[in-house]
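The values are calculated or read from the model by the stated rules, or taken from the named source; none is laboratory data. Worth saying up front: this structure is predicted, and the values here are computed from it rather than measured. Glycine gets a Cβ as well: all are built from the backbone with ideal geometry, and neighbour counts include every protein chain shown. Only protein heavy atoms, including side chains, enter the accessible area calculation; ligands, DNA and RNA are left aside. Shrake-Rupley method; radii C 1.70, N 1.55, O 1.52, S 1.80 Å.
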Amino acid sequence: MKVKSFFDNSISSRRNVLLGGASLVAAASVSGLTLAAGNQSTTISNSQSSNNGVQPMTKVTTKDGTRIYYRDWGSGQPILFSHGWPLSGDAWDAQILFFARQGFRVIAHDRRSHGLSDQTFQGNDMDTYADDLAAVIDALDLKDFIIVGHSTGGGEVARYIGRHGTDRVAKAVLVGAVPPIMIKTPGNPGGLPKDVFDGIRTGVAHNRSQFYLDLTTPFYGYNRPGATPSDGLRQNFWLQGMMGGVIGQYNCIREFSEVDYTEDLKRMDVPTLIVHGDDDQIVPIGAAGLLSAKIAPQATLKIYEGSPHGLAQTEPERFNDDLLAFAKS
């Protein structure tokens, strides 16, 4: 399936899934799991139900007043996960559960305008995303942590290191990540044409609900012979996408397609694992993982033959084992 074919399907609403998710959030609020925010720069705000052992839902308030929601569970060496577009930290469920049970502290935030973080009109750019991530890292005082980024999250990881360095970072992992740059330019002849990304903009602007549902097919490789589609994964993708704000998600398209992360990759002076499926239909490996592995100073490339963009969800056992081995190496 070509990227342009994302827009060819007929309209099909899944509002009942979104409403169900909203009901769960409302129920959690009634039971005491309310979301709260501090009034000062880079502060943490918690709300926890009384003595029932429930982990509080937490947010960090950045310097421009945006509240960034994050999950923080377990203890031990921290692993920080950065999600892809248009998802949220919940995309890492299989990794969060696995690594928390392996004795790691796991943290996964929602990028601004995504998931449960504030939906903003301004600041939906990669420099601000990286600074928001730094605010979470500083507020939690994370040190010697492993940072993992998928797709757009891989760009966020690279830009965080490019802007804030690696003093706190032990290792980095890029999974199906967008660096060094996705769009075709004279200096990047293997990139995708601009009209591909303009088509994505059209899909988000006109009917993002249907677009996100359609996107799950190439994202998880469900259009390949022998693939067994999971309705659960598709609906979860759709739900996460629809929780975010349309303006921020629309603006983010430029950040994952047109931003050049080459200089950021050069500053990744820590052991770096690059994982990429060679059948990635969203971020083709040739202009992404293969090039990034040549730029990052301490990169190790692991190619998943026949794997799609969402390999962390379609092959969680394999990916978790590889990530665990890298974390312990």
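Give the calculated FRET efficiency between Arg201 and Asp64 to the nearest 0.05, with a Förster radius of 22 Å applied to their Cβ-Cβ distance.
So, using R0 = 22 Å, E works out to roughly 0.30.
Using only alpha carbons, build the gyration tensor for the range 202-329 and give me the equivalent ellipsoid semi-axes, biggest first, whole Å.
So the three semi-axes of the range 202-329 are 27, 20, 13 Å.
Check Gly84: other-chain or 5+ apart residues with amide H under 5 Å from its amide H, H built from backbone geometry?
Under 5 Å from the amide H of Gly84 lie the amide H atoms of His150, Gly153, each far enough along the sequence or on another chain.
Sticking with the crude label model, points 7 Å out along Cα→Cβ, report the distance from Leu97 to Asn223 in nm, one decimal please.
Taking the two extended label points, one gets 3.0 nm.
From the square roots a ≥ b ≥ c of the eigenvalues of the alpha-carbon gyration tensor of the range 79-199, which class results: rounded (a/c under 1.5), prolate (a/b over b/c), or oblate?
prolate
Taking amide H atoms as placed 1.01 Å from N in the peptide plane, list the residues 5 or more away in sequence, or in a different chain, whose amide H sits under 5 Å from that of Tyr304.
So Tyr304 has HN proximity to His276, Gly277, Asp278.
Testing the spin-label approximation: label points 7 Å from Cα along Cα→Cβ at Thr185 and Val270. State their distance in nm.
Label at Thr185, label at Val270, 2.7 nm between them.
Full-extension gain between Lys294 and Thr166, please, as 0.36 nm times their residue separation minus the C-alpha to C-alpha distance. Let's see the in-between values first.
On the way: separation 128, 0.36 × 128 = 46.08 nm, distance 1.91 nm.
Stretched fully, the Lys294-Thr166 segment lengthens by 44.2 nm.
Cross-link list Lys59/Lys328; Lys266/Lys302; Lys184/Lys266; Lys266/Lys328; Lys143/Lys266; Lys171/Lys294: which exceed 26 angstrom alpha carbon to alpha carbon? If you can, show how the numbers build up before the last one.
Working: Lys59/Lys328 30 Å; Lys266/Lys302 19 Å; Lys184/Lys266 21 Å; Lys266/Lys328 24 Å; Lys143/Lys266 21 Å; Lys171/Lys294 17 Å.
Checking Cα-Cα distances, Lys59/Lys328 exceed 26 Å.
By per-residue mean of other Cβ atoms within 10 Å, what is the highest-first order of 219-227, 63-71, 168-176? Could you put the intermediate results ahead of the total?
On the way: 219-227: 15.7, 63-71: 19.6, 168-176: 25.7.
Highest to lowest by the protection proxy: 168-176, 63-71, 219-227.
Label Ile303 and Asp278 with points 7 Å out from Cα along Cα→Cβ: what is the distance between them in nm?
0.4
Residue by residue, what Karplus-based ³J(HN,Hα) values in Hz, rounded to whole numbers, does the range 161-176 have, using 6.51, -1.76 and 1.60 with θ = phi - 60° and x for Gly and Pro?
Calculated HN-Hα couplings, in order: 5, x, 9, 10, x, 10, 4, 9, 8, 8, 8, 10, 9, 10, 10, x Hz.
Sorted by average packing, counted as other Cβ atoms within 10 angstrom per residue and highest first, what order do 78-88, 123-133 take? Mind showing how you got there, number by number?
On the way: 78-88: 26.8, 123-133: 21.2.
So the order, starting with the most tightly packed, is 78-88, 123-133.
Which whole-number value in Å² is the accessible area per residue of the range 131-180, probe 1.4 Å?
For the range 131-180, the solvent-accessible area averages 23 Å² per residue.
Using 0.36 nm per residue, how much length does the chain from Val246 to Asp141 gain when fully extended, once their Cα-Cα distance is taken away?
Between Val246 and Asp141, full extension yields 34.6 nm more.
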